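To start, the structure itself, in structure tokens.
The values are calculated or read from the model by the stated rules, or taken from the named source; none is laboratory data. Keep in mind the model is a prediction, meaning the values are calculated, not measured. Heads up, the Cβs are rebuilt from the backbone with ideal geometry, glycines too, and the neighbour counts pull from every protein chain shown. The area values use the complete protein model at the heavy-atom level, side chains included, leaving out ligands, DNA and RNA. Shrake-Rupley method; radii C 1.70, N 1.55, O 1.52, S 1.80 Å.
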Amino acid sequence: MQDYLFYLFALLTLGCGSMIVLSRNPINSAMFLVLAIASMAGLFVLLHAFFLAAVQVLVYAGAVMVLFLFVIMLLDLKVEQRRRMNTLGIIMGFVSVGTIIAVMLHGVVATPVTPVLEVARHDGATEPLGQLLFSHYVLPFEILSVLLLVAMVGVILLSKKELK
Amino acid sequence: MNYSLISMEIAVVLLGLGLLLADLWLAPPAKVRLGYVAAVGLALIFGWSFTFSGTPSALAFSDMYVLDPLALYFKRFSLLAAIVVLIMSVGFAERIAAGISEFYALILFALAGMMFAASANDLAMLFVAMELITVTFYVLTSFQRARLASLEGGVKYLIIGALSSAFLVYGIALIFGTTGQLNFDQIAAVASKYEDNKIFLLGVFFVLVGLCFKIAAFPAHIWTPDVYQGSPVPAAAFLAVGSKAAGFALLLRVLFTAVPGITNGWNHLLIALAIVTILYGNLCAIPQRNLKRILGYSSIANAGYLLLGVAALNNAGRAAILYYLGGYLFAVLAAFLVILIVMNDAEGEDISVLAGLNQRSPLLAAVLTCALVSLAGIPPLAGFFGKFLLIRAVLDEAANNPACYWLVAVACFGVVVSIYYYFGVIRAIYWSKDPPVLSPIPVPRVLGAALVFCLLGMLYLGLFPNHLVETTQDAVKFWAGR
């Protein structure tokens, strides 16, 4: 059962991911992004990372996507729809993606199936996650706060209407 | 756990926060001078860093953070670069329409990222430090948003940066998926078991690609000229020096602390990367007429020379990287300082604005000439000795691997090509026919001091290299023996 669900969600993620790139209407792309994120949340559930799945849906599929749609609404969509695809660009894109897929497949096929690593599993509960974040990973976690401050300052600077 | 180990980084972040707050109460003319405050603060931290010299090697934060002579070297390097860049930013303040104190603060936050990168001993730290640097530079490169070129540079940096971050994080996921470890020392302990595991190798390779973006080396070099051309001069200078050094700090730690066995097996790959990078940077620089683009391609070429030290796979090569970066710092900062001062006087970044520079300001002409001569690798300046050390380190390895001779041949060819295009600039300075303007260029006193500082740095490292060579060799020996 779990295997079937995995393939279902993985196919959904891949399919929606390609549709984000292929569809010419930005609203459609954004909607496919929502689907892709939701199916990735399904993959997280299969890995017993329930908290991560919930955050994925709440933050990415919910909050971030609403912002995306607002931005798309404020921009001129017609230009993007009318824009012709560059043939060379398409060919190069397919070649590079194909190469990466081929290399990955080669790697996966050539690697003998190894026993699953014994890593501490916490079944996605928030308590062990929080404890890890504030004990083992406290330094990267705190650096991320500086990163968020930088992002905030940067966004305000780059979008502030008046240059005084 | 010894929290005092990260006190330098904390001080830098606090200084940045202080600048952001001070902006609230200061009048606009005083805001510009905040840059000097920041530079003095960094100079104090630079002095303070010498109190750590005695500590041999200390790990903290569940072994994620390491403070050893190698980390200290890179921290001092970034601090020195940031001090000069802040002084440059004060000279650039007129051309930044809004938010000059935020510009200073962002430079400090990028510096904090570089200092954390210098000490990263864990893939999580590596990723976070690298993102802190990269995200800050997204903002810094597009800071002059009234200029189309600046926005273009920012967008290009953003897109290629996001792509290479994706590679990096994918690689980290593959490494963690196969080994279950993120810490460099722990990866090193198990890496020999996974040397045939293709997925693990792919993970390491993707991390390498992600780091190539930071150091502007093939295959993630394509952004460099456009971003250098578009971004504000101080941002471009910091990108060329600080960001590249941070990338090399991470590259050295990943390749030689985490996966030394794989690195030794990949000697041909590293040689190929270095060859392609050197050829691309030098050959593409020939037709360029824009000064900042020339420095962009030269930055790619220099990343290639620095990769010589990685491909040499010996301690001498790694020490040579550190020395070369030292010489590179002064030369590149001096070149960008001159561009900044000349551009303040006249719009345009074309080589032709340099016409008659030797009559308009002999100091600027002399410093730019020395910087380019040092970058080209002509004695007696620092660049020559750096290239000499790198090539000698590769030749040491050539007995084991004949491909090294090809690498040395390409490096020498690259040097000859680079002399050609650097001398195109020098010719414009001294032998231009009928320069359009001959009015003297005013050099503000502080910028002049920074220029002289860079000039002395180049001369000192070129004429008396012993001290720095010993420091770098000790740092590398200590790191290798840990």
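Before moving on, here are some points about what is shown:
- Cα Rg, Dmax, chain B, angstrom units: 21.3, 68
- Most fluctuating residue given options A:Pro26, A:Pro128, A:Pro112, as computed from a GNM of chain A linking Cα atoms under 10 Å: A:Pro112
- Surface composition of chain A: carbon and sulfur atoms hold 75% of the protein heavy-atom accessible area at a 1.4 Å probe.
- Relative contact order %, chain A, counting alpha carbon pairs below 8 Å whose residues are six or more apart: 19 percent
- Anisotropy class of segment A:1-98 from Cα gyration tensor, a/c 1.5 cut: oblate
- For B:Lys387, the aspartates and glutamates whose Cα falls under 17 Å of its own Cα, not counting residues fewer than eight places away in the same chain, are B:Asp396, B:Glu397, B:Glu470.
- Here the dipole of segment A:1-98 is about 400 debye; that uses its Cα centre as origin and unit charges on the Cβ of Lys and Arg (positive) and Asp and Glu (negative).
- Ranking A:Ala54, B:Ile87, B:Ala129 by how far each Cα lies toward the positive end of the dipole of the protein assembly as shown (charges on Cβ) leaves B:Ile87 at the top.
- FRET efficiency estimate (nearest 0.05) - Cβ-Cβ, A:Arg84 to B:Ala58, R0 60 angstrom: 0.55
- Segment B:180-246: C-alpha gyration tensor shape, a/c 1.5 cut-off, then a/b vs b/c: prolate
- Each stretch of four or more DSSP H residues adds -39500 (n - 2.57); spread over every residue of the protein assembly as shown, this sum gives -24500 deg cm²/dmol at 222 nm.
- The overall shape of segment B:346-482, judged from the alpha-carbon gyration tensor, is oblate: a/c is not under 1.5, and a/b is no greater than b/c.
- With the largest listed first and rounded to whole Å, the semi-axes of the equivalent ellipsoid of segment B:288-423 from the Cα gyration tensor are 32, 13, 11.
- Per-residue accessible area (protein heavy atoms, 1.4 Å probe) orders A:Met92, A:Met65 as A:Met92, A:Met65, starting from the largest.
- Taken along the Cα-to-beta-carbon direction at a fixed 7 Å, the label points for A:Ala63 and B:Ala43 span 4.3 nm.
- Annotation for B:Ala398 and A:Val108: the two label points, set 7 Å from Cα along the Cα-Cβ direction, are 4.5 nm apart.
- All-pairs alpha carbon distance profile, segment B:177-321, 10 Å steps from 0, percent: 12, 40, 30, 14, 4, 0
- Of A:Phe51, A:Phe32, A:Phe134, the one that fluctuates the most in a GNM where chain A has Cα springs shorter than 10 Å: A:Phe134
- Rg in Å to one decimal, and Dmax rounded to a whole Å, for the protein assembly as shown via C-alpha atoms: 24.8, 82
- Relative contact order %, chain B, counting alpha carbon pairs below 8 Å whose residues are six or more apart: 15 percent
- Membrane-span-like helices in chain A, defined here as complete DSSP H runs extending at least 24 Å along the helix axis by their C-alpha atoms with mean Kyte-Doolittle hydropathy no lower than -0.5, are A:2-22, A:26-46, A:87-110, A:138-159; this is a sequence and geometry rule, not a statement about a membrane.
- Diagonalising the gyration tensor over the Cα atoms of chain A and scaling each eigenvalue by 5 before taking the square root yields semi-axes of 32, 28, 17 Å, largest first.
- Cα Rg over Rh - segment A:125-164, Kirkwood: 1.30
- Largest GNM mean-square fluctuation among A:Val108, A:Val34, A:Val66, using chain A with Cα springs under 10 Å: A:Val108.
- FRET E, pair A:Thr99, B:Ile10, Förster distance 56 Å, beta-carbon r, rounded to 0.05: 0.80
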